[in-house]
Amino acid sequence: MTDAVSAVVSIGFHGVAFAMVLYLISVGLGVTMGLMGFVNLAHGVFAAAGGYVMTTLFNDEGVPFPLAVAIAAILVGSVSIVLERALYRRFYGGDELDQVLLTIAIVFIAIAGAKYIWGSEQAPMHPPHYLAGQIELGGRDFPAYRTFIIGAGAVLVTLLWLGLDRTRLGAKIRAAVDNRRMAQSVGINTSGLFSFTFALGTGLAALGGALGAEILPVFPGYPLDNLIFFLIVVAVGGLGTIRGPFFAALLLGVADTAFKYLLPEFGSFFIYALTLVILLVRPRGLFGQIGRA
Amino acid sequence: MSDTPLPSVATTSVRDRPLPEAVRRLARRHHPRVYEALPWLLATAGYFAFPDYRQLGAQVFIAILFALATDLILGYAGVITLGQAAFFGSGAYFCGILSAHGWSEPLSLLIAGAAAAAAVGFLSGFVVLRTTGLTQLMLTLIVAVMLGEAANKATGLTGGANGLQGMEIAPIFGVFELDLYGRTAYCYCLVLLFLGWLAVRTLIYSPFGRSLTGIRESEARMRAIGSPVFRRRLTAYVISAALCGVAGALLAETTQLVALDTLSFERSGAVVIMLIIGGVGRLYGAFLGVPIYMILQDRFAQADPTYWYFWIGVFLLLIVLFARGGIIGLVERGARLIRPRRRSVSTPGSENIG
């Protein structure tokens, strides 16, 4: 009995930690796809970049961990604006296949670039000493770093939701997601808004990639290997929602952890099956408002 | 475009006055053109010119057949798919499993592979085609990766990560043995590619093919004129799947090995990339895109084994920035530059398709 309880607690704990990382990475993808109708297969590149920048700063340059994470997010977010202005922008509202090819090209270049700069090996990730080891909560031991991820994720998600619900900028973004042409007509600068939202999304992805480097190891093939997970979160959560992907990430994170714990030999088979069933019953995702990508 | 056969449109108006140019173009658009012989002449010449590359040539033909079949649903039915490997792999595995259990006649194995892939296409098409956009893309992807995981798990049947081995393939027609130098394989694959191309070509110029294009261009209008949209798409999906299955079975027969990568996401992605390079929804997109991509990949991988991804990426970036519509689109724009005064009905054989 106690075994079963501890298994459930352990699955829930690790699942939620994984879910936080998945959500931070994927929320920007959902917004880009919902807001701009852009099939962005290169989103994982930004998460990987965040992980690489953070581990380099933290391991090699001795930058304090929180600062390294913040720099990674801000740096990736700013660089992504250049990419958005130079490349992505040309393809808004265009042919989806062109978007697929563009973003796959970016993934290929990024994979080779990562190999060139950081080598083929996995970027080493050791939590800072004050987050290493175990902490005791309610009579059980939990890995301190994952507890920190859950806490930090919860804080970030709350901030993000509050920001979108309570600020003027958030209202503009919601307006543009709901009805872009109407938003333009009432004088919202949607073009500037796109750039900002894109940078916010990639910054969050970098944050997720940096914080989650211990759960999703950072290596050159990262953007391609994890792409399916990010897409599942967005598709199951539904396009054009901010909250949808959160619950999708929770479901996916916990279910994946459970399946890998209980039936490790089947790999990700059941996660795919689960996604298939959910999309069958709810083709627009659990909380989707936009029918067409 | 309705289901009414084109000639009947022609016969009603032919009595009173000469047909308008556009109608006449439409009526003879399916006539073979001289340049259409070019790929086959090149392929035949290639057999004699590059005897050392016959094995590779056979692989290229298989990839072209795969891309041609994919174009049927990507370019004509307008389904954005990232899971075509599901059909390629099912064809390859079914053919391989049968042959490892002692069924060695190659042509019937191809049919078996096609049937298996068509079954997968029918079942998954029911699900996939009811959705649109991101959900559709996800479902195609998920069907393929699920099959991949299943093949990986069912080691008793598929050999799992080691690949399926122990295939025995009898000589074709009991005469032509699949030899080490790829002589038979080259001709065998070329003939099947030709048959596949003939089938696809006939299909896209048929009223059925025109209605597919219509659905891609405007689903709502096709519904409004009473076209059974879902059934048409499903039919195209199953035909495409069956042809992909033939390509997969061909690969299994000519290499006598089936590995998990036949079902991989990389294969699904690569075929779409190759099609976009050549030109999507254009009969000859596959014939241009596949060899260009495969040759470039081979060259880059030899010149720079570590970073060849980079060069492929740069190449794709150049294509998408400067050659929208792929190589065919580029050629057409070039032709229009040379002959700018052409009348606006656009280039023959390309109206509405591209």
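The numbers here are math on the coordinates, done by the rules we state, and not lab data. Just so it is clear, the model here is predicted, and its values are computed rather than measured. Cβ placement follows ideal geometry from the backbone for every residue including glycine, while neighbour counts extend to all protein chains displayed.
The residues B:HIS101, A:HIS14, when put in order of fewest to most other Cβ atoms within 10 Å, stand as B:HIS101, A:HIS14. Evaluated with a Cβ-only charge set (Lys, Arg +1; Asp, Glu -1), chain B carries a dipole of roughly 1960 debye about its Cα centre, given to the nearest 20. Among rounded, prolate and oblate, which fits the protein assembly as shown when a ≥ b ≥ c are the square roots of the eigenvalues of its C-alpha gyration tensor, a/c under 1.5 means rounded, and a/b larger than b/c means prolate? It is prolate, given that a/c is not under 1.5 and a/b is the larger ratio. Between the Cα long axis of helix A:227-237 and the first principal axis of chain A there is an angle of about 70°, rounded to the nearest 10. Think of it as helices only: each DSSP H run of n ≥ 4 in chain A is worth -39500 (n - 2.57), and spread over all residues that comes to -23000 deg cm²/dmol at 222 nm.
Can you find, among B:GLY182, B:LEU260, B:TRP311, the residue farthest towards the positive end of the dipole of chain B? Put +1 on the C-beta of Lys and Arg, -1 on that of Asp and Glu. Farthest along the dipole direction, towards plus: B:TRP311. In this simple spin-label model, placing a label point 7 Å from the Cα along the Cα-to-Cβ direction at both B:PHE48 and B:ARG33 gives a separation of 2.8 nm.
Which shape class applies to segment B:41-264: rounded if a/c is under 1.5, otherwise prolate when a/b exceeds b/c and oblate if not, where a ≥ b ≥ c are the square roots of the Cα gyration tensor eigenvalues? Oblate shape, in that a/c is at least 1.5 and b/c is the bigger or equal ratio.
Highest mean first, the peptides B:144-150, A:109-115, B:43-49, A:208-214 sorted by other C-beta atoms within 10 Å per residue fall in the order A:208-214, B:144-150, A:109-115, B:43-49. Only helices reaching 27 angstrom along their own axis (Cα) with mean Kyte-Doolittle hydropathy no lower than 1.0 count here, and for the DSSP H runs of chain B these are B:106-128, B:133-153, B:183-205.
Here the Karplus relation 6.51 cos²θ - 1.76 cosθ + 1.60, evaluated at θ = phi - 60°, turns the backbone of segment A:128-139 into coupling constants of x, 4, 6, 10, 7, x, 10, 10, 9, 10, x, x Hz, with x for every Gly and Pro. Note on chain A: dipole from Cβ charges, positive end direction compared against A:GLY133, A:ALA206, A:PRO64; the farthest Cα belongs to A:ALA206. Secondary-structure-derived ellipticity at 222 nm for chain B, considering helices only, amounts to -22000 deg cm²/dmol, per-run term -39500 (n - 2.57) for DSSP H runs with n ≥ 4. With the simple spin-label model, which puts each label point 7 Å out from Cα in the Cβ direction, the A:ILE74 to A:ALA171 separation comes to 2.9 nm.
If you count, for every residue in A:111-117, the Cβ atoms of partner chains within 10 Å of its Cβ, what is the mean? Walk me through the intermediate numbers first.
Details: counts 4, 10, 4, 1, 4, 3, 0.
Per residue, the number of nearby Cβ atoms from other chains is 4 on average.
Label separation (B:PHE322 vs A:SER6): 6.4 nm, computed from points 7 Å beyond Cα along the C-beta direction.
Close amide H contacts of A:ILE135 (hydrogens built in the peptide plane, cut-off under 5 Å, sequence separation of 5 or more or a different chain): A:PHE142, A:ALA144.
If R0 is 56 Å, what FRET efficiency do you get for B:LEU195 and A:GLN122 from their C-beta distance, rounded to 0.05? Before the final figure, lay out each step's value.
Numbers: r = 48 Å, r/R0 = 0.85.
Computed FRET efficiency for B:LEU195 and A:GLN122 comes out at 0.75.
Legend: mean number of C-beta atoms from other chains within 10 angstrom of residue C-beta atoms, peptide B:125-137, equals 6. A P(r) calculated from all alpha carbon pairs of segment A:2-281, with 10 Å bins opening at zero, reads 7, 28, 36, 22, 6, 1, 0 percent. With the Cα gyration tensor of segment B:4-150 giving a ≥ b ≥ c as the square roots of its eigenvalues, does the rule (a/c under 1.5 for rounded; else a/b larger than b/c for prolate; else oblate) give rounded, prolate or oblate? Oblate shape, in that a/c is at least 1.5 and b/c is the bigger or equal ratio.
How many Cβ atoms of partner chains, on average, are near each residue of B:300-307 if near means within 10 Å of its Cβ? List each step's numbers first, then the result.
Numbers: counts 0, 0, 0, 0, 1, 0, 4, 6.
Average per residue, whole number: 1.
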